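Notes follow once the structure below has been shown.
FYI, it's all coordinate maths here, none of it is from the lab. Values in this document were obtained by computation on a predicted structure and should not be read as measured data.
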Amino acid sequence: MKAIQFYEYGDAQTMHLVDIPSPAIGPTEILIRVRASGVNPSDWKRRQGVYQAYEKLTFPAGVGVEASGVVEAVGENLSNSWIGKSVFGFGRNTAAELAVLTHWAELPSNVSFEMAACTPVVFETASRSLAYLGMQADETLFVSGASGGVGSAVVQLARAQGVNVVGSCSHKNSDYLRALGAMPVTYGDGLNIRIRRVIEKTIDAVLHVAGVGIIPELIELVGDPYKVVSVTDFGATQYGARFCKGPPENPSQTLSALAEMLACHKLKMPIEKKFPLADIAKAHQLSEKGHVTGKIILTIEK
Ligand SMILES: NC(=O)c1ccc[n+]([C@@H]2O[C@H](COP(=O)([O-])OP(=O)(O)OC[C@H]3O[C@@H](n4cnc5c(N)ncnc54)[C@H](OP(=O)(O)O)[C@@H]3O)[C@@H](O)[C@H]2O)c1
């Protein structure tokens, strides 16, 4: 089967489409024929070696942690009734024709493979971060970097919980954020002044999803470092802010909740661009630029 692999830490060109044997599955895992696989910043950070201090890779290494597809085989502790079902979820080396899922849910009949493949990571991160912040209805959240994958999911989940959301984005995404239910402000110098112009209410908490070197400014906005949580800047803790780190908590429960929300169209995720597996370098390069609206996915023909 065809899969993406890389042989050393490095740039997008280190990845190659190769022919390798089908992966082995553990007793509680499934093997799927992949139809779509989500692209996340963690894919290229892992490939660049950003995580190597605490996550050593064995080379050749695969790429991708989320996918949708059709079940081909099941581990020895699972029922054969899963075989042939359409599913989506978390897995390993999902940028491939065949991949192992460790946690999954059945794909609702009215949800596409593409939509399902790009939502597990961002939805799980969004729900985990909101729980971490302990947001309550009628409180106000500022999301720094609200128009990307995680930001879009956070805005929608927070609004569904009755939380007011102000979110930063570039000018081109202001209408997009407004349509999701957030009050948009552009990021950059003078951010806190612009936030004050759109909302007089106290900002109760901040979720830092994007924006470099702005943790002190975000702390100033809420007046308490504990109320600032970053999912992207490990250095946030040096200012007393908190870092909310994966791996996913309760992944199976999260996927069931996500399946329900997708089936009822309660969660939308625009797909900015689709790439065939062979063009993964282009997909990663686009993600690395840091201005994706919604998500990027890899698709694999049946
Ligand atoms: N800790 C965890 O558990 C966890 C889990 C998942 C992801 N993450 C991390 O979360 C981060 C975001 O992931 P993602 O999937 O949402 O990425 P993404 O889809 O690539 O989103 C990037 C977004 O950042 C915005 N942005 C760029 N520069 C900005 C700035 N200076 N200020 C504010 N916003 C800015 C962009 O908005 P414009 O297009 O409008 O410029 C874009 O919408 C990544 O660092 C990822 O590694 C962490």
Under 19 Å from the Cα of K227 - aspartates and glutamates, other chains or at least 8 residues apart: D138, E139, E200, D204, E217
Relative contact order %, the chain, counting alpha carbon pairs below 8 Å whose residues are six or more apart: 19 percent
Antiparallel bridge percentage (DSSP; both residues within the chain; nearest 5): 60 percent
Stokes-Einstein D for region 5-84, Kirkwood Rh over Cα pairs, 4 °C, 1.567 mPa s (µm²/s): 90 µm²/s
Tilt relative to the chain, helix 149-160 - C-alpha long axis, 0 to 90 degrees, to 10: 60 degrees
5 angstrom amide H check on E139, placed H, neighbours 5+ away: N164
Separation between Cα centres of region 25-79 and region 243-302, rounded to whole Å: 14 Å
Long-range amide H partners of R35 with built H, under 5 Å: S68, G69, V70
Most mobile of A146, A96, A158 in a GNM of the chain (Cα contacts under 10 Å): A158
Mean shadow area of region 29-146, taken as a quarter of the surface of its Cα convex hull (nm²): 9.9 nm²
Cα centroid of region 189-212 to Cα centroid of region 108-186, whole Å: 15 Å
Folded to 0 to 90 degrees: helix 251-263 orientation relative to the chain principal axis, Cα: 80 degrees
Residue-averaged 222 nm ellipticity for the chain, from DSSP H runs of 4+ at -39500 (n - 2.57), nearest 500: -8000 deg cm²/dmol
Rounded to whole Hz, the Karplus (6.51, -1.76, 1.60) HN-Hα couplings of region 7-21, x for glycine and proline: 10, 7, 5, x, 7, 4, 6, 6, 8, 9, 8, 10, 9, 9, x
Using alpha-carbon coordinates, inclination of helix 120-133 to the longest axis of the chain, degrees: 40 degrees
